[in-house]
Amino acid sequence: MRLFVALVPPPEAVEHLDEFLDVRRSAGPFRWAGPEQLHVTLAFLAEVEERRLDDLVERLGRAAAKRTAFETAIAGGGAFPNAARARVLWAGLDLEDHGRTEIDRLATGCRAAANRAGVPVDGQRFRPHVTVARLGHPDEVASWVRLLDGYAGPRWVADRITLVESHLGEGPRRRPRYESLAELPLSG
């Protein structure tokens, strides 16, 4: 199974970002993420044996319960690896000190929970973001980064994580189709 653990913004936050991007999509040579694909990945689990799923969900639930809910908003943006040779265009998160600490510890806890369940985790450094578009080849996107820097969506409370299964090529235009397997609440 191909899984990831995510913070999924509420519908009003997704709709706001989608409306902001919608009028701009035809101007860029990108593969745009659909609204159903907008999320913040906390841990990517490329290969999960089905027999490990129950233990994984239990451990993720404990990791989530150790963290407190926090307020955030989708705001700003950038490009990976950088604006001069971008492969990914992303929107950021507006986080106060408490939120920044909680999301970092939440990502660390989710990765540790997966490791304890015997599930290998992608080891890239965690940087909270929402992927909005991908490029087929590296390109210069500084004007798009400036555009995203001016974006600020509505505030929302991150109060749960979602374990999601990704079915490659089964979504619209051969994109992944996402299936929520478990929602696990944060404390307070």
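Here, each number is a calculation from the coordinates, and none is a lab measurement. Since the structure is predicted, the reported quantities are computational estimates derived from the model, not experimental observations. Glycine also receives a Cβ, built like all others from the backbone with ideal geometry; neighbour counts cover every protein chain displayed.
So how much slack lies between Asp94 and Glu170, counting 0.36 nm per residue of separation and subtracting their Cα-Cα distance, in nm?
24.2 nm
For the chain, what size does the Cα cloud have along each of its three principal axes, sorted from largest down, in whole Å?
Principal-axis extents of the Cα atoms in the chain, largest first: 45, 36, 27 Å.
Give the residues of the range 17-37 whose amide nitrogen is closer than 11 Å to a point set 7 Å from the Cα of Arg134 in the direction of its Cβ.
Answer for this model: 31-33.
Tell me what the chain gives for mean residue ellipticity at 222 nm when only DSSP H runs of n ≥ 4 count, each as -39,500 (n - 2.57), the sum divided by the residue total, rounded to 500 deg cm²/dmol.
-9000 deg cm²/dmol
According to a simple spin-label model (label point 7 Å from Cα along Cα-to-Cβ), what is the distance in nm between Ala112 and Phe80?
According to this spin-label approximation, the distance is 2.3 nm.
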